[in-house]
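As structure tokens, the structure follows; a few thoughts come after it.
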Amino acid sequence: MPSPRTSAPSTTTGSDALLYLLFGILGAAMAFGSLAWLTGNLTNTLVGSGTWAPFRMTDALLHPEVLWPALSTSMLMVGARVVPALFTVALVVTTAVLWMRWRAGSKSGLALKADLAPLLDKEIVAKAKSLRPSLGGRESKRGPAR
């Protein structure tokens, strides 16, 4: 017999958490590979032979010396490893912060129209009438009773 569905989000049970983690790791790896190719080419343009290598993300990740043979080992490390790693970490942190804010909802601290409705004249008069029906025909400082 299957367990009944609850209204709790499925991430509390962990069923979706692994899927989100998998997509996050895959996205970070693709971002890192693309950034490694881009920054490797920029480094090669600035300090190497100046030619751009074709887009091969896996070679940029695993064998950058094949794509840019004219670069020294230290420039290759900085251009194809360190700089894209920093950009990828910044992208992951920014994405995580935006995801948590989006999941938490708006926390601006400002009252919404629905929050202010009980404080408006119409609601105050209706509440007063419900508490004391004898006020129905009287006028108040706020105007005639409605």
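Considering only region 18-36, I want to know if a residue exists there that is more than 30 Å from R103 (Cα to Cα), at pLDDT below 90 and hydroxyl-bearing (S, T, Y). Steps first, answer last, please.
At the first step, the residues of region 18-36 found to be more than 30 Å from R103 (Cα to Cα) are 36.
Subset that is at pLDDT below 90: none.
No: region 18-36 contains no residue that is more than 30 Å from R103 (Cα to Cα), at pLDDT below 90 and hydroxyl-bearing (S, T, Y).
Can you name the residue in region 57-91 that is of a type outside the set (S, T, N, Q), open to solvent by less than 40 Å² (accessible area, probe 1.4 Å) and under 24 Å from the mean Cα position of the chain (by Cα) and, of all such residues, is nearest to T45 (Cα to Cα)?
Among residues in region 57-91 that are of a type outside the set (S, T, N, Q), open to solvent by less than 40 Å² (accessible area, probe 1.4 Å) and under 24 Å from the mean Cα position of the chain (by Cα), the one nearest to T45 (Cα to Cα) is P84.
Which ones in region 96-135 are open to solvent by 80 Å² or more (accessible area, probe 1.4 Å) and closer than 21 Å to G24 by Cβ?
Of everything in region 96-135, those that are open to solvent by 80 Å² or more (accessible area, probe 1.4 Å) and closer than 21 Å to G24 by Cβ turn out to be L98, W99, M100, R101, W102, R103.
The values are calculated or read from the model by the stated rules, or taken from the named source; none is laboratory data. Predicted model, so just to flag it, every value in this text is computed and none were measured. Methodologically, a virtual Cβ is constructed for each residue, glycine included, from the backbone with ideal geometry; neighbour enumeration extends over all protein chains shown. For the accessible areas, the whole protein counts, side chains as well, though only heavy atoms, and no ligand, DNA or RNA atoms are used. Shrake-Rupley method; radii C 1.70, N 1.55, O 1.52, S 1.80 Å.
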